[in-house]
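> One structure, as structure tokens, below. Some questions next.
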Amino acid sequence: MEAAVHTTRLRRTYARRRRDDVVALDDLSMTVGQNEIHGLLGPNGAGKTTLVKILSTVLLPSGGSARILGHDAVADTRAVRSQVGLVLGGDRGLYDRLTARRNLLFWGALHKLDTRTSRRRAAALLERVGLAERADEPVERFSRGMRQRLHLARVLLHEPRVLFLDEPTSGLDPVAAGAFRRLVLDLRAEGRTFLLATHDMDEAAALCDRVTLIDRGRMLLTGDPAGVGRFLGDRECVDFTHPDAALAGDLADLPDVSEVERRDDGTWRVHTADRDGTRRVLAWLLDRDVLTARRGRPTLEEVYLRAVGDRGMRV
């Protein structure tokens, strides 16, 4: 089966007067399978938006190649555009003074859909994203969450098979973000493919079949969210519960322990150097009557932070 997205040594540089060029993508090669939700992770300036723009034919690469469902993004632009949709965070792509329905009809005309088809699809999509009752209100009255759902309806008008989402839930409250994610899962169930550029580690872990972490335009790792802890080698974790913080301090002094941290839920997480170290930590805890300890692997967020540092969490 042809990959939904395949890039080979993709490169993009931006020229600057009297200064060195900026390399946004540096020989990036990656593959996204069909019917997959693939997360694209990285700090600001990593190249995520540049990659999404090249794949959606908004921007030309400086070198390498990008193929969407077998079509070259540069040589076969028309075929690619008929197969992809792009959702950007924020208000870009909507017209505030037009109603939701008029917005969709306008975009339908841009996609050269006939009037009957545009009206039928617009009505069905507004119903699907929960905006049917507000269809004839100006978009300027819509909340941010409603706008994002309308963005999704907009890109589905021409029935694309591959969708690129660039920070689609940025700035949304938890309820609106949850509703948007459920829509994405429903669409994937129908056979669509998603490339999701996000800073939200919880979103990536919950939604994505695989993730790719990039920094300074280069790929650092790719894999399923549960297994990316392998990027840190044999390091493991031990989670335990204990009311005395002094015990955690004593634990941090052990040679097998690289870090002890208090988590948001009140539990402690111990980072060990390897599996043997994990066994010794578990035995140490058991000797002190700690019976609620379990071993685990580093989370997606922990791998992210160790790979790119805390600068990557600046949004």
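> Could you check region 116-157 and list, in sequence order, the residues that are under 16 Å from residue 99 (Cβ atoms) and of a type in the set (Val, Ile, Thr)?
Residues satisfying the conditions are 129, 139.
> A follow-up question, please. Out of everything in region 58-68 that is over 24 Å from residue 181 (Cα atoms), crowded, with 19+ Cβ neighbours inside 10 Å and of a type outside the set (D, E, K, R), what residue ends up being farthest from the chain's Cα centre (by Cα)?
Taking region 58-68 and keeping what is over 24 Å from residue 181 (Cα atoms), we get 58-67.
Next cut, crowded, with 19+ Cβ neighbours inside 10 Å only: 61, 66-67.
This time we only want the ones that are of a type outside the set (D, E, K, R), so: 61, 66.
Numbers: 61: 21, 66: 19 Å.
So, considering only residues that are over 24 Å from residue 181 (Cα atoms), crowded, with 19+ Cβ neighbours inside 10 Å and of a type outside the set (D, E, K, R), the one farthest from the chain's Cα centre (by Cα) is 61.
> From the list 132, 122, which residue is crowded, with 21+ Cβ neighbours inside 10 Å and in contact with a Leu (Cβ under 6 Å, 6 or more places away or on another chain)?
Result of the check over 132, 122: 122.
> Just checking, does region 179-187 include any residue being at pLDDT 95 or above and touching a helix residue (DSSP H, G or I) at 6+ places or on another chain (Cβ under 7 Å)?
Checking region 179-187: not a single residue is at pLDDT 95 or above and touching a helix residue (DSSP H, G or I) at 6+ places or on another chain (Cβ under 7 Å).
> Something else about it: Looking only at region 6-24, decide whether some residue is touching a Leu at 6+ places or on another chain (Cβ under 8 Å), of a type in the set (Lys, Arg) and exposed (fewer than 15 other Cβ atoms within 10 Å of the Cβ).
yes
> From 94, 28, grab the single residue that is in contact (Cβ under 8 Å) with a residue 60 or more places away in the chain and under 21 Å from residue 217 (Cα atoms).
28
> Of the conditions (1) surrounded by fewer than 15 Cβ atoms within 10 Å (Cβ to Cβ); (2) in contact (Cβ under 8 Å) with a residue 40 or more places away in the chain; (3) under 22 Å from the mean Cα position of the chain (by Cα), residue 154 satisfies every one except a single condition; which number is it?
(1)
> What do you reckon, is residue 121 over 30 Å from residue 211 (Cα atoms) and of a type in the set (Lys, Arg)?
yes
> Mind checking which residues of region 95-118 are over 14 Å from residue 157 (Cα atoms) and either within 24 Å of the chain's Cα centre (by Cα) or surrounded by 15 or more Cβ atoms within 10 Å (Cβ to Cβ) (or both)?
98, 99
> With respect to residue 184, is the statement that it is among the β-branched types (Val, Ile, Thr), buried (at least 21 other Cβ atoms within 10 Å of the Cβ) and part of a helix (DSSP H, G or I) true?
Numbers: among the β-branched types (Val, Ile, Thr): yes; buried (at least 21 other Cβ atoms within 10 Å of the Cβ): yes; part of a helix (DSSP H, G or I): yes.
Taking the combined requirement at face value, the residue satisfies it.
> Mind counting the residues in region 129-149 that are out of contact with any Phe, Trp or Tyr (no Cβ under 7 Å at 6 or more places or on another chain) and either in a loop (DSSP other than H, G, I, E, B) or under 18 Å from residue 194 (Cα atoms) (or both)?
Final tally of qualifying residues: 8.
> Let me ask something else. Can you tell me which of 256, 287, 244 is over 26 Å from residue 202 (Cα atoms), outside the structural domain of residue 202 (by TED's automatic domain parsing) and in contact with a helix residue (DSSP H, G or I) (Cβ under 6 Å, 6 or more places away or on another chain)?
After ruling out the rest, the residue left standing is 256.
> Going through region 188-246 one residue at a time, which ones are modelled with pLDDT under 85 and of a type in the set (Gly, Ala, Ser)?
Correct list: 204, 205, 206, 223, 226, 227, 229, 233, 245.
One line per residue, one yes/no per condition, for (1) under 22 Å from residue 168 (Cα atoms); (2) of a type outside the set (D, E, K, R); (3) touching a residue at least 12 places away in the same chain (Cβ under 8 Å):
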| residue | (1), (2), (3) |
| --- | --- |
| 49 | yes, yes, yes |
| 52 | yes, yes, yes |
| 63 | no, yes, yes |
| 68 | yes, yes, yes |
| 76 | no, no, no |
| 98 | yes, yes, yes |
| 101 | yes, no, yes |
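The values are calculated or read from the model by the stated rules, or taken from the named source; none is laboratory data. In this text the structure is predicted, and so the values were computed from the model without any measurement. Note that each Cβ is placed from the backbone with ideal geometry, even for glycine, and that neighbours are counted across all protein chains shown.
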